[in-house]
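For reference, the structure is listed below as structure tokens.
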Amino acid sequence: MRTGATTFNALWRIPNYSGFSLEQVGFEHGIWSYPYKLLPEGAIVAYIDVSPLSVIYMLEYQYFPRWKKFIKAVIVTALVFAFIFEPILELIGLYLPLSWYHYYGVPIYILLPILMRLAVEKVFASVNKTY
């Protein structure tokens with residue numbers, strides 16, 4: 001049986017594996033651009049969704065079991081990604097926002113891990129009822 005953190009990480013990655021990614025949607029609609037490619041398919045920053053960001057959210061889920069502390073950690077992560085990492089990527093030329101401001105990402109960075117945690121808790125609640 002999967003642990004909560006592993007399930008959380010698996011649920012986080014489902015949208016990316018199914019071909020839907022917020023990074024991809026923004027790129028395709030001209031909201032932002034990526035001047036360089038890491039691999040032949042996809043933009044360099046899109047891989048942040050699959051690896052570091054999902055691992056960070058998984059660790060937050062694991063180390064902050066109480067909702068209050070979890071939400072505080074998620075808010076800090078959202079602010080760091082929106083106002084530190086995104087501007088650094090823009091500064092070094094890996095990310096080019098066209099009609100996007102960094103503060104637009106804050107609610108997305110906050111909502112995604114909260115929704116994933118709700119999904120994980122729902123899965124575990126239904127599993128616990130069957131046993």
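The values are calculated or read from the model by the stated rules, or taken from the named source; none is laboratory data. The structure displayed is predicted, hence computed values, not measured ones. Heads up, the Cβs are rebuilt from the backbone with ideal geometry, glycines too, and the neighbour counts pull from every protein chain shown.
Out of all the residues in the range 62-75, is one or more modelled with pLDDT of 95 or more, small (Gly, Ala, Ser) and either farther than 30 Å from TYR36 by Cα or part of a helix (DSSP H, G or I) (or both)? Taking every residue of the range 62-75 in turn, at least one turns out to be modelled with pLDDT of 95 or more, small (Gly, Ala, Ser) and either farther than 30 Å from TYR36 by Cα or part of a helix (DSSP H, G or I) (or both).
If the requirement is being over 24 Å from VAL127 (Cβ atoms), at pLDDT below 85 and exposed (fewer than 13 other Cβ atoms within 10 Å of the Cβ), which of these qualifies: GLU23, GLU41?
On the way: GLU23 fails: exposed (fewer than 13 other Cβ atoms within 10 Å of the Cβ).
Exactly one of GLU23, GLU41 is over 24 Å from VAL127 (Cβ atoms), at pLDDT below 85 and exposed (fewer than 13 other Cβ atoms within 10 Å of the Cβ), namely GLU41.
Checking each residue in the range 86-101 for being in a helix (DSSP H, G or I) and either in contact with a Phe, Trp or Tyr (Cβ under 6 Å, 6 or more places away or on another chain) or modelled with pLDDT of 90 or more (or both) picks out PRO87, ILE88, LEU89, LEU91.
Hey, can you tell me all the residues within the range 68-96 that are touching a residue at least 40 places away in the same chain (Cβ under 8 Å) and out of contact with any helix residue (DSSP H, G or I) (no Cβ under 8 Å at 6 or more places or on another chain)?
Here is the first cut: in the range 68-96, the ones touching a residue at least 40 places away in the same chain (Cβ under 8 Å) are 70-71, 74, 89, 93-96.
Of everything in the range 68-96, those that are touching a residue at least 40 places away in the same chain (Cβ under 8 Å) and out of contact with any helix residue (DSSP H, G or I) (no Cβ under 8 Å at 6 or more places or on another chain) turn out to be LEU89, GLY93, LEU94.
Filtered by the rule that a residue be out of contact with any helix residue (DSSP H, G or I) (no Cβ under 8 Å at 6 or more places or on another chain) and surrounded by 12 or more Cβ atoms within 10 Å (Cβ to Cβ), the range 52-66 gives a lone residue, PRO52.
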